[in-house]
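The values are calculated or read from the model by the stated rules, or taken from the named source; none is laboratory data. Fair warning: this is a prediction, and the values are worked out from it, not measured in the lab. FYI the Cβ positions are ideal-geometry reconstructions off the backbone, even for glycines, and counts take in every protein chain you see. Ligands, DNA and RNA are stripped out before the accessible areas are found, and what is left, the full protein with its side chains, is counted by its heavy atoms. Shrake-Rupley method; radii C 1.70, N 1.55, O 1.52, S 1.80 Å.
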Amino acid sequence: MKLRSQLLKGILEGVILAIIHRESVYGYELSLKLQHFGLNDVSEGSIYPILLRLQKEKLICGEMKDSPSGPKRKYYHLTEKGQQALADFLREWESIQGPVQNIIRWGLSHEYKGTD
Amino acid sequence: MNTKELIKLNNQKRKQLTKENEAYYDDMLVYIRTHLFLSERQSEELLMELLNHLLDAQAEGKTAKDVFGDDPKTVCDEMIEELPKEQTKNAAAFIFYLSCKVIGYIMIISGVGDLIFSIFKSKSSPIYIGTEAAKTILSLLIIFAAVWMIFLWLKSSVYKRFSKFKSGIIVGSISCLFLFDVLLVSRLIPAFGPEIHINGLFCLCIGLFIIIIATCFNRKFQIV
């Protein structure tokens, strides 16, 4: 369970960096984006600890700005260090994603062969 | 926008929450604000962000529980862990400001008391500078300890209801601290240091002067 949530946290950090890389967003927009892409299981509130950590590590930077709908919002944008972290994440993700998929496919096909 | 304005805006905006969402949000707010070592600025920015998020979600028919889940304490603890600590400089300014205010008010009160007494008594009793300094420092420490305890109590009572008995113990020990300060401290500290006579009016003026200086200091640096 612990490892699972750690893994999810790392992945969430990566995708949040990717979203902020494309456009600067505020918290609510960010949670809508995650849901839009199908990450419905992530509770909206759980993005805030991650946003705080990314700020602490100076990967993103928040700025209070007027939003189109009226009130001032804290918009996040990527810092240079954040760009670097995103590139690192991509490399790590790609080195894991392919092998994991292959292993699962191989493992399951073996299982199906066995039960057939 | 400074921190004070942010808090004011938060107070206004919070009124737009439904009763259920407000109860949920208020708990988060008290829990985060009672963590005294956190940067006030960063905490308030976060609280405003959470409030805006909640208002947006509410407009779409979602509740605070939908947004932050069933376990707000864990979410808050995770955020608190990531929030930066208050800078020592700001914390020191805050403690200095409060100390000045406390000393100022004590001097005003004792000045007025002395003036009233002097109607009945012709000769004022002497003051020992060493004793007074020790008394003041001890009283300040006791006041800060009591405030600290009250905050600890508030903080831990947000997500855990205390029994009447436990609350009684906490209130009791805070009261004991104050009683100890008022009744015993002046008797326990022996007279030492140079002896001076000051009249009530002088004491009152000094007290007022300290309060005015502290207020200006606060205006300039926006401490409270």
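Every test in (1) more than 30 Å from A:S31 (Cα to Cα); (2) open to solvent by 60 Å² or more (accessible area, probe 1.4 Å) is passed by B:D71 save one, and that test is (1). Taking the criterion of being open to solvent by 10 Å² or more (accessible area, probe 1.4 Å) and in a helix (DSSP H, G or I), the residues of the range A:50-67 that qualify are A:L52, A:R53, A:Q55, A:K56. Number of residues in the range B:15-26 that are within 13 Å of another protein chain (Cβ to nearest Cβ) and in a helix (DSSP H, G or I) equals 3.
Of all residues in the range B:30-69, those satisfying the criterion of being assigned to a loop (DSSP other than H, G, I, E, B), over 20 Å from A:R53 (Cα atoms) and more than 9 Å from chain A (Cβ to nearest Cβ) are B:T34, B:E60, B:G61, B:T63.
Taking the criterion of being in a loop (DSSP other than H, G, I, E, B) and in contact with a Phe, Trp or Tyr (Cβ under 8 Å, 6 or more places away or on another chain), the residues of the range B:190-224 that qualify are B:A191, B:F192, B:G193, B:P194, B:I223, B:V224. Figure legend. Inter-residue proximity from the range B:195-224: first residues aromatic (F, W, Y), second residues open to solvent by 100 Å² or more (accessible area, probe 1.4 Å), beta-carbon distance below 9 Å, spacing 6+ or different chains. Indicated pairs: B:F217/B:F96.
Considering every residue within the range A:12-19, establish whether at least one is of a type in the set (D, E, K, R) and open to solvent by 60 Å² or more (accessible area, probe 1.4 Å). No, every residue in the range A:12-19 fails to be of a type in the set (D, E, K, R) and open to solvent by 60 Å² or more (accessible area, probe 1.4 Å).
Starting from residues that are within 14 Å of chain B (Cβ to nearest Cβ) and either part of a helix (DSSP H, G or I) or at negative phi (or both), keep the ones in the range A:70-94 and report whichever is modelled with the lowest pLDDT. Filtering first and then ranking leaves A:P71.
For the range A:16-68, a residue qualifies if it is without any contact (Cβ under 8 Å) to a residue 12 or more places away in the chain, in contact with a Phe, Trp or Tyr (Cβ under 6 Å, 6 or more places away or on another chain) and facing chain B (nearest Cβ under 9 Å), and exactly one does: A:G45. Among the residues of the range B:70-87, those identified as in a helix (DSSP H, G or I) and either under 24 Å from B:T3 (Cβ atoms) or facing chain A (nearest Cβ under 7 Å) (or both) are B:P72, B:V75, B:C76, B:D77, B:E78, B:M79, B:I80, B:E81, B:E82.
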